[in-house]
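The values are calculated or read from the model by the stated rules, or taken from the named source; none is laboratory data. Source: prediction; values computed, not measured. Neighbour counts run over all protein chains shown; Cβ positions are idealised from the backbone, glycine included. Ligands, DNA and RNA are stripped out before the accessible areas are found, and what is left, the full protein with its side chains, is counted by its heavy atoms. Shrake-Rupley method; radii C 1.70, N 1.55, O 1.52, S 1.80 Å.
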Amino acid sequence: MEHREGAETPDTYAARDAAASETSPIAEVSAELAAFVREIKGREAEMKSRVQQQEERLQMLDRKSISPARPALSGAVSEAAPHQKAFDAYLRTGDDDALRGLQIEEKAMSSAVAADGGYLVDPQTAETVKSVLKSQASLRAIASVVAVDATAYDVLIDHTETGAGWASETAATGESDTPQIDRISIALHELSALPKVSQRLLDDAAFDIEAWLAGRIADKFARSEAAAFVNGDGIDKPAGFLTAPNVADSAWAWGNLGYVATGVDGGFGAVSPADALVDLVYALGARYRANATFVMNSKTAGVVRKIKDADGRFLWSDGLAAGEPARLVGYPVLIAEDMPDIGSDATAIAFGDFSAGYTIAERPDLRILRDPFSAKPNVLFYATKRVGGGVTDFAAIKLLKFAVS
């Protein structure tokens, strides 16, 4: 067949169909999708690269900031507590370099001691000791407690009356008496404890050494304080209120504690045992009774809580809520085991406003000296605290004496 110029052949048909397909909508969409997928993959690769670079940077910073260290004493140790880390290191190894480099805040409960070999006490440990002391059943719970920075605490007492009288319009006014002021000085004495810990125990991190050590110190301090506040002779220890001179309340004078006798040597009266307790309550002045407390030991409390009045009602009533003290004839009772037992001429029960009658003075700092040499392989921790106490108002406390008169 003769080919004519301009006539369409099979090849031209194919070329024309291919060109049409390339410009069709389906082809355009496919091309756009392919370009979008390529762009997404590129962005994903870029983000992975950036994340990897960031992780490498963080790892480098961690390696620079983390230095080898012993495990902390407690899991509660904070990174922002350098004093805690320093105290941990000192307890374990005796290394006091970190302690010496600390910047001490003046408002802290513990303070650095001057150049007498003292060391900083961790505030958490000191607070644990103080909280245990306050929670113990001792005179500290009801007495007046003051913090001082001197070697003694002086209390000024005005225990006399100002003279006064009735005057007429024309009569001359006479001179009246002037009140006298007494000064009572309470010296501070050193209370010490000497617990010891094995070096192997100090090297172990699974045990909370701080809490254990604080508990040991607090227990020793609490028992020593409680005994001194009641029976201390004032020689290298606080003066206990029972060591103050005592006289029959009918002959009471300042400088003595007044007592009320039960009328029976070494016991209560058989007929009306409650009368002695009522007499004791009303021997105390009215201005002190509002804040008054009975003080006795457990053995005496066991006898007293069996006493009934004339109508058969018990004078003793237990606290209605948890933590509330028991009451005797309406007044709270403090159980202090250092009070004497009921016996001949014993002053086994005290009643009074101890916040006015007895003052405890103490220094706020607590010292701990570490001694790894004296008791090998154990380490001794010599803890000291300065405290004093004494009667500051002789009219605010009365005693019940188990005697005929």
Using the structure shown, decide if Ala383 is within 26 Å of the chain's Cα centre (by Cα), open to solvent by less than 10 Å² (accessible area, probe 1.4 Å) and of a type in the set (Gly, Ala, Ser). yes
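Only one residue in Ala239, Ala253, Ala310 is free of Cβ contacts under 8 Å to residues at least 60 places away in the same chain and either in contact with a Lys or Arg (Cβ under 6 Å, 6 or more places away or on another chain) or under 16 Å from Leu399 (Cβ atoms) (or both). Which one? Steps first, please.
Working: Ala239 fails: free of Cβ contacts under 8 Å to residues at least 60 places away in the same chain; Ala310 fails: either in contact with a Lys or Arg (Cβ under 6 Å, 6 or more places away or on another chain) or under 16 Å from Leu399 (Cβ atoms) (or both).
Answer to the selection: Ala253.
Out of all the residues in the stretch 227-235, is one or more of a type outside the set (A, V, I, L, M) and at pLDDT below 90? Talk me through it step by step, then tell me what you get.
Keep residues of the stretch 227-235 that are of a type outside the set (A, V, I, L, M), which gives 229, 231-234.
If we keep only those that are at pLDDT below 90 as well, we get none.
No; the residues of the stretch 227-235 include none that is of a type outside the set (A, V, I, L, M) and at pLDDT below 90.
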How many of the residues in the stretch 306-321 are surrounded by 14 or more Cβ atoms within 10 Å (Cβ to Cβ) and under 30 Å from Ala228 (Cβ atoms)? 1
Which of the residues that make up the stretch 223-234 are open to solvent by less than 70 Å² (accessible area, probe 1.4 Å) and among the charged types (D, E, K, R)? Glu225
Given the residues Phe394, Phe381, which is the only one that is part of a strand (DSSP E or B) and in contact with a strand residue (DSSP E or B) (Cβ under 7 Å, 6 or more places away or on another chain)? Phe381
Can you pull out every residue in the stretch 345-365 that is more than 21 Å from Asn256 (Cβ to Cβ) and open to solvent by 10 Å² or more (accessible area, probe 1.4 Å)? Glu362, Arg363, Pro364, Asp365
Go through (1) surrounded by fewer than 16 Cβ atoms within 10 Å (Cβ to Cβ); (2) at pLDDT 90 or above; (3) under 30 Å from Ile368 (Cβ atoms) one by one and return the number of the condition Asp208 breaks. (2)
Here the residues within the stretch 235-264 that are out of contact with any strand residue (DSSP E or B) (no Cβ under 7 Å at 6 or more places or on another chain), within 30 Å of Arg367 (Cα to Cα) and open to solvent by 30 Å² or more (accessible area, probe 1.4 Å) are Ile235
Being open to solvent by 30 Å² or more (accessible area, probe 1.4 Å), free of Cβ contacts under 8 Å to residues at least 24 places away in the same chain, in a loop (DSSP other than H, G, I, E, B) and closer than 30 Å to Thr392 by Cα is the requirement here; does Glu324 meet it? yes
Being surrounded by fewer than 12 Cβ atoms within 10 Å (Cβ to Cβ) and outside any helix (DSSP H, G or I) is the filter here; which residues of the stretch 277-305 pass it? Ala290
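Of all strands (runs of 3 or more DSSP E) completely enclosed by the stretch 150-193, which ones contain at least 1 residues that are under 30 Å from Thr384 (Cα atoms) and more than 24 Å from the chain's Cα centre (by Cα)? So that I can check it myself, show each step before the final result.
Working: elements: 152-158, 181-187, 189-193.
The strands (runs of 3 or more DSSP E) meeting that bar are 152-158, 181-187.
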Scan the stretch 60-70 and tell me whether some residue there is in a helix (DSSP H, G or I), modelled with pLDDT of 55 or more and more than 30 Å from Asp208 (Cα to Cα). yes
